[in-house]
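Novice: Below: one structure in structure tokens.
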Amino acid sequence: MKTKQNTLLAFGMLVKRNIKLYLKDKMMVFFSVLAPVIVLLLYILFLGDMQVNSIINSVQSEFGDSVDIEAITSMARVMINNWMISGVMGVSCITVAFNANTIMVRDRERGTINDVLASPVRRWVIYASYIMSCFIITMCITFIVLFFSMIYLACSGAFLLTASDFFAIVGIAILSVFSASFAMVLMISFFKSEGALASFSSVFTTAIGFLIGAYLPTSMLPVPIQYLTCFVPGTYSASLFRNFFLRAPMENMLSKLDTDFVSKLMKEFSIEMDFFGIRISATMMTLSLVLSIVIFGALLMVLYSKKRSNFFLISKKIKKKKK
């Protein structure tokens, strides 16, 4: 009983320490929220009008002058605003989790991790503390992003969420942040210096925005890249956000336009997803996120349950034994 209490105490202290170190670095906090802000500004200033015009052109080419273009323009703008916020939420869950784990790399570079490993604290407690602190930090910032996103939608006249949709979005956010926390701890644990992580960060944060369809619909990407996005958990996270943010806007579209055209529109904007030609429902997307948590958690247990704290060292040790 005393051992369990000590373990919980050590876990709580490590989580608190990681959060304090993160909040102490103001630049780290700033860059954590920078990616979602960039996505928001890109759509407000450039991409939003482009997407709206694309929908209007598609409607005109399909139906000609038989529809009310002003009404369609208004609905298209509401749709794109909600689509954009879905991308902002999807990006936030991943990029904030990525930046929150800089603490782990800093500990490794400065040798702090060695002091912790030398203590009687169990190894799994140390990695669990990184995961939990990452989850708490990312969850807090993601909810802040969600709060301001709601304000933006309300001010732009695009807020059509029902209470059930809102609570579903909150649930998706929690699940997405959990998945991203496990994935980022696993990925970033291979970096040994903050310089290497910073160099990788600029590439990763840009690429992930395209891979999950935050900047452009994944249907506009080359076919091989579309197949690659099927293996990125964040793609399902962003698509789940779209399913609930865009439920009401798409119902409004259905009242004015043909069902087949709206279905085509949903596929083009990655509201509906398919895995190598197989349509994926919202339930399957949710299960995919749960599966990603299980897989990343299992990998962390396998790769870091040994005395070595770096998988590359473990793999070298295994190779030597084989020789």
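Novice: Looking at M28, is it at pLDDT 80 or above and under 30 Å from V125 (Cα atoms)?
Specialist: no
Novice: Further question on the same structure: Considering region 171-202 alone, what residues qualify as being loosely packed, with under 15 Cβ neighbours inside 10 Å and farther than 21 Å from S133 by Cβ?
Specialist: Those that are loosely packed, with under 15 Cβ neighbours inside 10 Å and farther than 21 Å from S133 by Cβ: G171, G195, A196, S199, S202.
Novice: Right, next: Under 30 Å from S74 (Cβ atoms), part of a helix (DSSP H, G or I), at pLDDT 90 or above and small (G, A, S): is that true of A183 in this structure?
Specialist: no
Per-residue answers, yes or no, for (1) assigned to a loop (DSSP other than H, G, I, E, B); (2) touching a residue at least 40 places away in the same chain (Cβ under 8 Å); (3) more than 26 Å from F200 (Cα to Cα):
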| position | (1), (2), (3) |
| --- | --- |
| V39 | no, yes, no |
| F46 | no, no, yes |
| I85 | no, yes, no |
| V96 | no, yes, no |
| E109 | no, yes, no |
| W124 | no, yes, yes |
| Y130 | no, yes, no |
| C140 | no, no, no |
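Novice: Testing I113 on (1) surrounded by 14 or more Cβ atoms within 10 Å (Cβ to Cβ); (2) under 23 Å from the mean Cα position of the chain (by Cα); (3) of a type outside the set (K, R), one condition comes back false. Which one is that?
Specialist: Single failed check for I113: (2).
Listed here are the residues, each with its yes/no results for (1) of a type in the set (G, A, S); (2) closer than 25 Å to I80 by Cβ; (3) over 16 Å from the mean Cα position of the chain (by Cα).
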residue: V232; (1), (2), (3): no, yes, no
residue: A248; (1), (2), (3): yes, yes, yes
residue: D258; (1), (2), (3): no, yes, yes
residue: F261; (1), (2), (3): no, yes, yes
residue: S270; (1), (2), (3): yes, yes, no
residue: S281; (1), (2), (3): yes, yes, yes
residue: I295; (1), (2), (3): no, no, yes
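Novice: Go through region 192-213 residue by residue and tally those that are hydrophobic (A, V, I, L, M, F, W, C) and closer than 18 Å to M104 by Cα.
Specialist: Selection size over region 192-213: 5.
Novice: For the subset of region 186-208 comprising residues that are within 13 Å of the chain's Cα centre (by Cα) and modelled with pLDDT of 85 or more, which member is farthest from M84 (Cα to Cα)?
Specialist: Restricting to residues being within 13 Å of the chain's Cα centre (by Cα) and modelled with pLDDT of 85 or more, the top hit is F204.
Novice: Turning to a different aspect of this structure: Which one of A76, A35, A71 is touching a helix residue (DSSP H, G or I) at 6+ places or on another chain (Cβ under 8 Å) and without any contact (Cβ under 8 Å) to a residue 40 or more places away in the chain?
Specialist: Within the list A76, A35, A71, the selection yields A76.
The values are calculated or read from the model by the stated rules, or taken from the named source; none is laboratory data. Note that the structure is predicted; figures quoted are calculated from it, not measured. No Cβ is skipped: glycine too gets one built from the backbone with ideal geometry, and neighbour counts run over all protein chains shown.
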